[in-house]
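Novice: First the structure, then my questions, so here it is.
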Amino acid sequence: MSHEYFMREALREADKAYLKKETPIGAVAVYDNKIIARAHNLRESKQNALLHAEIQVIDKACKKLGTWRLEEVSIYVTLEPCVMCAGAMIQARVKNVYYGAKNDRFGAHQGATRLFDVPFNHPIHIEGGILEEECSSKISAFFKNLRSS
């Protein structure tokens, strides 16, 4: 399977969030080239600041694998992770993070800060720009519709 395939699956999760009037961010966790967990933002509908797609997909992956150490897991997410999600990925020892759109305001890789560059005991391979246009346009359309409502 390709990076594009897994990002399209994350985009499908983002569509679920969009339909719930949530910021359309989706994520999938991949282990052994198979999706083991899927999630999307639920922060508005559940009124819980922690319910970002990445936090939920980490939680589901830990449950699926029966461990908090996700050393062989890759996470695909449609938007550059924020500091909270990046910290959770580092703590869970995720192997790879692949994201679509940049997050200039809150991103922890290329945006507001560079948390993934801090030399923690567990380095994560991180790559952005996978299906960037599709990921970015989905979020832009959501906020455009929200403003016009």
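Novice: Condition check: touching a Cys at 6+ places or on another chain (Cβ under 7 Å) and within 19 Å of residue 122 (Cβ to Cβ). Does residue 55 satisfy that?
Specialist: yes
Novice: Among the residues of segment 41-60, is there at least one that is more than 16 Å from residue 13 (Cβ to Cβ), open to solvent by less than 40 Å² (accessible area, probe 1.4 Å) and either touching a residue at least 24 places away in the same chain (Cβ under 8 Å) or not in a helix (DSSP H, G or I) (or both)? Break it down into steps so the answer makes sense when it comes.
Specialist: Taking segment 41-60 first, the residues more than 16 Å from residue 13 (Cβ to Cβ) are 47-50.
Restricting the remaining residues to those that are open to solvent by less than 40 Å² (accessible area, probe 1.4 Å) gives none.
No: zero hits.
Novice: Something else: List the residue pairs whose Cβ atoms are under 9 Å apart, where the first residue sits in segment 130-149 and is under 12 Å from residue 15 (Cα atoms), the second is among the basic types (Lys, Arg) and open to solvent by 40 Å² or more (accessible area, probe 1.4 Å), and the two are 6 or more positions apart or on different chains.
Specialist: Between residues of segment 130-149 that are under 12 Å from residue 15 (Cα atoms) and residues that are among the basic types (Lys, Arg) and open to solvent by 40 Å² or more (accessible area, probe 1.4 Å), the close pairs are 134/8; 142/21.
Novice: Which residue out of 129, 66, 87, 100 is of a type in the set (Gly, Ala, Ser) and touching an Asp or Glu at 6+ places or on another chain (Cβ under 6 Å)?
Specialist: Of 129, 66, 87, 100, the one residue that is of a type in the set (Gly, Ala, Ser) and touching an Asp or Glu at 6+ places or on another chain (Cβ under 6 Å) is 100.
Novice: Restricting to segment 106-149, name every residue that is open to solvent by 50 Å² or more (accessible area, probe 1.4 Å), touching a strand residue (DSSP E or B) at 6+ places or on another chain (Cβ under 8 Å) and not β-branched (Val, Ile, Thr).
Specialist: Narrowing segment 106-149 to residues open to solvent by 50 Å² or more (accessible area, probe 1.4 Å): 106, 110, 112-114, 117-121, 123, 125, 127, 132-134, 137, 140, 143-149.
Now narrow it down to the ones that are touching a strand residue (DSSP E or B) at 6+ places or on another chain (Cβ under 8 Å): 106, 113, 125, 127, 132, 134.
Of everything in segment 106-149, those that are open to solvent by 50 Å² or more (accessible area, probe 1.4 Å), touching a strand residue (DSSP E or B) at 6+ places or on another chain (Cβ under 8 Å) and not β-branched (Val, Ile, Thr) turn out to be 106, 125, 127, 132, 134.
Novice: Do you know which residues across segment 85-102 are open to solvent by 10 Å² or more (accessible area, probe 1.4 Å) and assigned to a helix (DSSP H, G or I)? Working first, answer last.
Specialist: As a first pass, look at segment 85-102 and keep what is open to solvent by 10 Å² or more (accessible area, probe 1.4 Å): 87-88, 90-91, 93, 95-96, 98, 102.
Within segment 85-102, 87, 88, 90, 91 meet the criteria.
The values are calculated or read from the model by the stated rules, or taken from the named source; none is laboratory data. These numbers come from a predicted model, not from an experiment. Heads up, the Cβs are rebuilt from the backbone with ideal geometry, glycines too, and the neighbour counts pull from every protein chain shown. Just so you know, the surface numbers come from the protein's heavy atoms only, side chains and all, with ligands and any DNA or RNA stripped out. Shrake-Rupley method; radii C 1.70, N 1.55, O 1.52, S 1.80 Å.
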